[in-house]
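Below is one structure, written out as structure tokens; comments come after it.
The values are calculated or read from the model by the stated rules, or taken from the named source; none is laboratory data. Note that the structure is a prediction, hence the values are computed from the model and not measured. Glycine gets a Cβ as well: all are built from the backbone with ideal geometry, and neighbour counts include every protein chain shown.
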Number of protein chains: 2
Amino acid sequence: MEKVTMADVARAAGVSKSTVSQYLNKRYEYMGEKTKQKIEEAIKTLGYQPNFLARSLKQKRTSFIGIIVANITHYFSTEVSRAIEDFFHQHDLQAIVCNADDDPEKEKKYIEMLRAKQVDGLIIFPTGQNHDLYKNMVEQGYPVVFMDRKVEESLKVFSILTDNTESTYKAVQRFIDKGHKNIAFVVQPLRVSTRLDRLEGYKRALKNAGIEINPDYIVEADIPDMKAKLERLFSMEVKPTALFAANDRAFMAVVEFLKEKKIQLGEDLELIVFDNIPFAHLLDTPISFIIQPAREMGFKAAELLYEQIKQEDRTPEVFVFPSKMI
Amino acid sequence: MEKVTMADVARAAGVSKSTVSQYLNKRYEYMGEKTKQKIEEAIKTLGYQPNFLARSLKQKRTSFIGIIVANITHYFSTEVSRAIEDFFHQHDLQAIVCNADDDPEKEKKYIEMLRAKQVDGLIIFPTGQNHDLYKNMVEQGYPVVFMDRKVEESLKVFSILTDNTESTYKAVQRFIDKGHKNIAFVVQPLRVSTRLDRLEGYKRALKNAGIEINPDYIVEADIPDMKAKLERLFSMEVKPTALFAANDRAFMAVVEFLKEKKIQLGEDLELIVFDNIPFAHLLDTPISFIIQPAREMGFKAAELLYEQIKQEDRTPEVFVFPSKMI
DNA sequence: TTGTAAGCGTTATCAC
DNA sequence: GTGATAACGCTTACAA
């Protein structure tokens, strides 16, 4: 195993550790040409590999940043993460992606682990249940950016969101314009702000059109239970003619259900989904998607985090990126 | 920012650093109950968070492992990575995923970076162009497992592969059984073993059936150039009636092309793809997929790496997981 | 231009 | 049971 250390190189080159360190950090302004060469050679022959851990300990930065995703199975999350990774790769930082799996305990564990391992900052898709932790980080001035979901208003933090209510409102409006009256809304448990905001948009659109909100048309269920609830929805006397899926996972559940029941998309039912799915353009079905500008959002988050890491002070702000329907 | 260190806790609790360390490592066999409580209290009031970096430096392990993926845009890669992450999560190690983007230079950079940062081991989807580096790691006894693609035979390493040639052979055989004679093979540059092996299976199947291999039916191109080459393929006098896409990216390019040209899948052309794609089951098109047991492969790789990390010696071996067509 | 020595925050080995 | 003290491998004043 590797054991060659800077001291070995120094010895081999007949110089001191500090000189080697200078060399490694490319500070050869005032370095003798021969010293430089001797070091170079020693490194080669010994096969020396610097230990960044030791450096990090000293410098108090690891060039790692963490991304804690509430649920990685949302395509949106992976798109955003990828954008963040790309940004940091350009700045020679490495992103570490952790999946909290919608579990606040796991989220907590990850936040603590990453902080213990001294990552330089965190971008979090919050589960929303760890306010104290969030607050703690913010108060300590630890670089952090929240993504996708709101955290308690009182926390002064950088957040990146999309216009959930607005976009949903417009989409449902579209259904209404087309003459739909029986519009279903399918969503996972309303624990998080995105889902609540989208529901709000749905309700507002109906209200605005003078359509009564029928609670039976609002299907709230965990993915495993969704099928059963959909079963109930589609066995109602007055079946919905349009359906809004509040995210990609809900959408998947719906499509699977429809396939099974042989309900024809476009004919028996119109569908709008909040979120993009990979290869959406491959489907030649008449589904509309509300697409968040994932890459832009990711880049912005990365940029905001990077500024904090570089200690460029700036008051926290919430950035809202509008989504587009296609 | 956080600055509370073990020394602070020790001082506050009126004990020595070593005792605190004992406490943190849950070695309270021989620890006075009151000392324990004093430490506990000091930690609480100071809000002490241990610094794992320092510990890692001392213990020479970081509880990080790296995954270097040749190209993360292959769905297979993300499936495998996820399985690996899951495995290590159970063992309290964190995976760091890096995307080499099919670029050997980038791969090299990542390998060096991760090793410099002292990750405990590496699972690599090799680009294949960094033999010296690979060799170097193996010779130094650094824990490493190769995934998906073969590296030079001479290297005695753990590898996880699928039966590329066999599976392709069978698939093409199926085309032939159905009466197809003009079977195209679409692939990205034949730089890597998987693609070569799949091509080998294709050729063998044709040969075995006494069908002459027509080089014009073998489309080898980078994704951006693929469209042009497909254009050429489908403007031949004798158009292919069946097409084998050597991976998901090639498949995507093909489907886009077909859509544009309004060529009907199933009617004008039959399609088999090597690789799964997300939501494949949503498509109600008559496409066959050759699916690698990604999770199993990932778990196996993780397990093999973990054994190495735990210093459980074992001679390197190549594991071949059969794929299945659906 | 190069060397000395003191950290960085832990853990580990011994004494006591 | 607990505490000095020396590592771990590097960076960084400060000296020389």
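Scanning segment A:131-164 for residues that are more than 18 Å from the chain's Cα centre (by Cα), more than 14 Å from chain B (Cβ to nearest Cβ) and of a type in the set (K, R) returns a single hit, A:K156. Number of residues in segment B:1-38 that are assigned to a helix (DSSP H, G or I) and either over 25 Å from A:Q140 (Cβ atoms) or away from DNA strand C (no atom under 12 Å from the Cβ) (or both) equals 11. Taking first residues from segment A:52-81 that are within 19 Å of B:N51 (Cα to Cα) and partners that are of a type in the set (D, E) and surrounded by fewer than 17 Cβ atoms within 10 Å (Cβ to Cβ), the Cβ contacts under 8 Å between residues at least 6 apart in sequence or on separate chains come to A:S63/A:D92. Residue pairs whose Cβ atoms lie under 9 Å apart, sitting 6 or more positions apart in sequence or on different chains, and linking a residue in segment A:40-51 that is within 13 Å of A:G14 (Cβ to Cβ) to a partner that is among the basic types (K, R) and assigned to a helix (DSSP H, G or I), are A:A42/A:R11. Whether a residue is touching a Lys or Arg at 6+ places or on another chain (Cβ under 9 Å) and either among the basic types (K, R) or at pLDDT below 95 (or both) was assessed, and A:L122 does not pass this test.
For the residues A:G121, A:G128, A:G201, A:G210, the requirement of being within 14 Å of chain B (Cβ to nearest Cβ) and small (G, A, S) singles out A:G121. Evaluated against (1) farther than 26 Å from B:D92 by Cβ; (2) more than 14 Å from chain A (Cβ to nearest Cβ), B:K3 falls short on exactly one condition, (2).
Taking every residue in segment B:115-138 that is free of Cβ contacts under 8 Å to residues at least 24 places away in the same chain and of a type outside the set (A, V, I, L, M) and pairing it with any residue that is part of a helix (DSSP H, G or I) and surrounded by 23 or more Cβ atoms within 10 Å (Cβ to Cβ), at least 6 positions away or on another chain, yields no pair with a Cβ-Cβ distance below 7 Å. Filtered by the rule that a residue be more than 8 Å from DNA strand C (Cβ to nearest atom) and in a loop (DSSP other than H, G, I, E, B), segment B:39-50 gives a lone residue, B:G47. Criterion applied to A:S77, A:S63 was being over 16 Å from the mean Cα position of the chain (by Cα) and of a type outside the set (D, E, K, R), and the one residue passing it is A:S63. Scanning segment A:67-80 for residues that are surrounded by fewer than 23 Cβ atoms within 10 Å (Cβ to Cβ) and over 17 Å from A:G128 (Cα atoms) gives A:T73, A:Y75, A:T78, A:E79.
Taken together, B:S81, B:S63 contain a single residue that is in contact with a strand residue (DSSP E or B) (Cβ under 7 Å, 6 or more places away or on another chain), within 16 Å of DNA strand C (Cβ to nearest atom) and among the hydroxyl-bearing types (S, T, Y), which is B:S63.
So for segment B:57-65 (the condition being modelled with pLDDT of 90 or more, buried (at least 20 other Cβ atoms within 10 Å of the Cβ), more than 9 Å from DNA strand D (Cβ to nearest atom) and of a type in the set (G, A, S)), does at least one residue qualify? Among the residues of segment B:57-65, not one is modelled with pLDDT of 90 or more, buried (at least 20 other Cβ atoms within 10 Å of the Cβ), more than 9 Å from DNA strand D (Cβ to nearest atom) and of a type in the set (G, A, S), which makes the answer no. The set of residues in segment B:22-39 being closer than 20 Å to B:R55 by Cα, free of Cβ contacts under 8 Å to residues at least 24 places away in the same chain and either among the basic types (K, R) or more than 8 Å from DNA strand D (Cβ to nearest atom) (or both) consists of B:Y23, B:N25, B:K26, B:R27.
So if I check each of A:I123, A:I39, which one is surrounded by 22 or more Cβ atoms within 10 Å (Cβ to Cβ) and under 30 Å from A:S18 (Cα atoms)? Talk me through it step by step, then tell me what you get.
On the way: A:I123 fails: under 30 Å from A:S18 (Cα atoms).
One residue alone meets the criteria, A:I39.
With the structure loaded, tell me whether B:T73 is under 19 Å from A:I67 (Cβ atoms), within 16 Å of DNA strand D (Cβ to nearest atom), within 13 Å of chain A (Cβ to nearest Cβ) and not in a helix (DSSP H, G or I) or whether it fails that test. Answer is no for this residue.
Selection of segment B:95-118 for residues being within 10 Å of chain A (Cβ to nearest Cβ) and part of a loop (DSSP other than H, G, I, E, B) yields B:D101, B:K117, B:Q118. The strands (runs of 3 or more DSSP E) located wholly in segment A:236-326 that include 1 or more residues which are exposed (fewer than 14 other Cβ atoms within 10 Å of the Cβ) and not basic (K, R) occupy A:318-321. Please verify whether segment A:233-247 includes one or more residues that are at pLDDT 95 or above, within 14 Å of chain B (Cβ to nearest Cβ) and within 20 Å of A:F289 (Cα to Cα). Yes, that holds for at least one residue. Candidates A:N136, A:N130: the one that is over 21 Å from B:I72 (Cβ atoms), modelled with pLDDT under 95 and in contact with a Lys or Arg (Cβ under 6 Å, 6 or more places away or on another chain) is A:N130.
Take A:A95 and tell me if it is among the small types (G, A, S), over 10 Å from A:G66 (Cβ atoms) and without any contact (Cβ under 8 Å) to a residue 60 or more places away in the chain. Spelling it out, it is not the case that A:A95 is among the small types (G, A, S), over 10 Å from A:G66 (Cβ atoms) and without any contact (Cβ under 8 Å) to a residue 60 or more places away in the chain. Filtering segment A:69-84 to residues that are under 13 Å from A:Y306 (Cβ atoms) and of a type in the set (D, E) leaves nothing.
Residue-wise test of (1) in contact with a helix residue (DSSP H, G or I) (Cβ under 7 Å, 6 or more places away or on another chain); (2) within 13 Å of chain B (Cβ to nearest Cβ).
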| site | (1), (2) |
| --- | --- |
| A:A12 | yes, no |
| A:K26 | no, no |
| A:T35 | yes, no |
| A:G47 | no, yes |
| A:P50 | yes, yes |
| A:Q59 | no, yes |
| A:F64 | no, yes |
| A:F87 | yes, no |
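Residues of segment B:252-259 include none that is more than 14 Å from every other protein chain (Cβ to nearest Cβ), free of Cβ contacts under 8 Å to residues at least 60 places away in the same chain and out of contact with any helix residue (DSSP H, G or I) (no Cβ under 8 Å at 6 or more places or on another chain).
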